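Novice: Okay, handing you the structure first.
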Amino acid sequence: MPPQTPFDVGTETNLIPCTFLSESDTDSSEILQEEKNVKLLFSKDLFKISVSSDVWGYPGYLTQVQFEVLEKFREIVHNSSDDFRATIFIFNEAHEDEFYALCRWLRSYKFNLNKTIKKAEEATNLSSEARKKNFYHSPNNPSLALGVEPSIFLKHFPQFFHGMSKKGCPIFYAKAGTVNIKAIENITTSEGIIKFHWHEMYHNYNREFKEMYERMNDAFRPYEIIYVLDLEHLNSAQLSKQLISVVKTQCHMDETVFPDAMSKMFIINAPSTFALLWKVVRGWIDPRNATKVEILGPKKSLWKARLREFIDMDQLPSDYGGYVENDTSEDIMRKQMIKQYKITNPAEEAVREEQFMFSPRQNELQSLIVEKGR
């Protein structure tokens, strides 16, 4: 059965009066004080949490034309199939506000209704197989997506959520520069990595958004993530055809099924050679998302200072500019991996902590083969 959406609750949501911008004020961040005799969209305290200085297309900052498109889109979604509605409300398990979800889709396609519907249909088809399998989640089979215990994969492609930004966005870190390609090719396939990405995007994002929603006493509204992509130690040998193909597929999945879920991306420790790769990757992503990407070089003092502009120090790992001792990114990842491993392997009485040690610059194939054979 598909997850419940805002339209499945039995009674139609009432819209209450709210102000909107005139077309001449589209570029202004000020809301007109005159209230129009229209149905209300959003409460007055909606912007206690704002994820961007650019509020174009967000609830409460709509032009009259955008508002009319929103009403039409809402009616279409209301009369669509269960799968189509589940696609639009992909973060419904995390209590994403109905109108924020609708505006997130419309904003991605500049409030072009026909294009939005076409893209939503494409997203429904693209995620159809993953949805049938609950996005590859099984409490009794944590290896369902990858074919191997996820902790083994994460040892060789470190990635984790930790903390929130000053404006309430969860923060996702990926240490792409320490990816052990040979090890990953030994333990799983491109298909397994894609399935795992489906799992992470749906289940982990919903989990993080739900925790943020509960932590902020229902004040959390825009469901967006800040990404920190760390390229330290990146070399050309890691950029295999398989990896590039997987990344391209993941970019397409993210933009198609989870539109406008990125608030900001910081690419840090970028080597000078990354400029060539970025020209290729930039062509895979929407121009609007490309403007949210900020590339920072290997000078730690500069990128740490930049991160602190968006993230308080007590929310950052110590090796990323935070001030909590013994709270490095590896410490955080290890704790998260052990916690998850214990949840998915409750019968195992003891956990060997060395299973979760990171040594990205060493060849771990031999130990990996032993682990895989257990």
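Novice: Using modelled amide H (1.01 Å from N, peptide plane; none on Pro or chain starts), what sits under 5 Å from the amide H of VAL228, excluding residues fewer than 5 places away?
Specialist: Sorted by chain and number, the residues that satisfy this are PHE172, TYR173, ALA174, PHE266.
Novice: Convert 37 °C to kelvin, take the viscosity as 0.692 mPa s, use the Kirkwood radius over C-alpha pairs of region 61-108 as Rh, and evaluate the Stokes-Einstein diffusion coefficient in µm²/s, rounded to a whole number.
Specialist: The Stokes-Einstein estimate is 296 µm²/s.
Novice: Next question, about the same structure. Rule-of-thumb check for region 204-263: C-alpha Rg over 2.2 N^0.38 Å?
Specialist: Cα Rg divided by the expected 2.2 N^0.38 Å: 1.49.
Novice: With only alpha-carbon atoms counted, please give the Rg and Dmax of region 82-198, in Å.
Specialist: 17.0, 45
Novice: Ok, one more. Using a 7 Å offset from the Cα along the Cα-to-Cβ direction at both LYS335 and ASP286, what is the distance between the two label points in nm, to one decimal?
Specialist: In this crude spin-label approximation the distance works out to 3.5 nm.
Novice: Kindly state, to the nearest 0.05, the FRET efficiency for LYS300 paired with ASN114, given R0 = 45 Å and r defined as their beta-carbon distance.
Specialist: 0.45
Novice: Once you compute Rg and the Kirkwood Rh from C-alpha atoms, what is the Rg to Rh ratio for region 163-240?
Specialist: Result for region 163-240 is an Rg/Rh of 1.08.
Novice: What distance in nm lies between label points placed 7 Å from Cα along the C-beta direction at TRP278 and LYS248?
Specialist: 2.1 nm
Novice: Distance in nm between label sites at HIS95 and SER240, each 7 Å beyond Cα in the beta-carbon direction?
Specialist: Distance between label points: 4.3 nm.
Novice: While we're on this one: Evaluate 2.2 N^0.38 Å with N set to the residue count of region 87-150, then give the Cα radius of gyration divided by it.
Specialist: Relative to the rule-of-thumb radius for its length, region 87-150 sits at 1.40.
Laboratory data are not the source of any read-out in this text; all were calculated from the coordinates shown. On a predicted model such as this, the values are computed, not experimentally measured, just so you know. Virtual Cβ from ideal backbone geometry, glycine too; neighbours counted across all protein chains shown.
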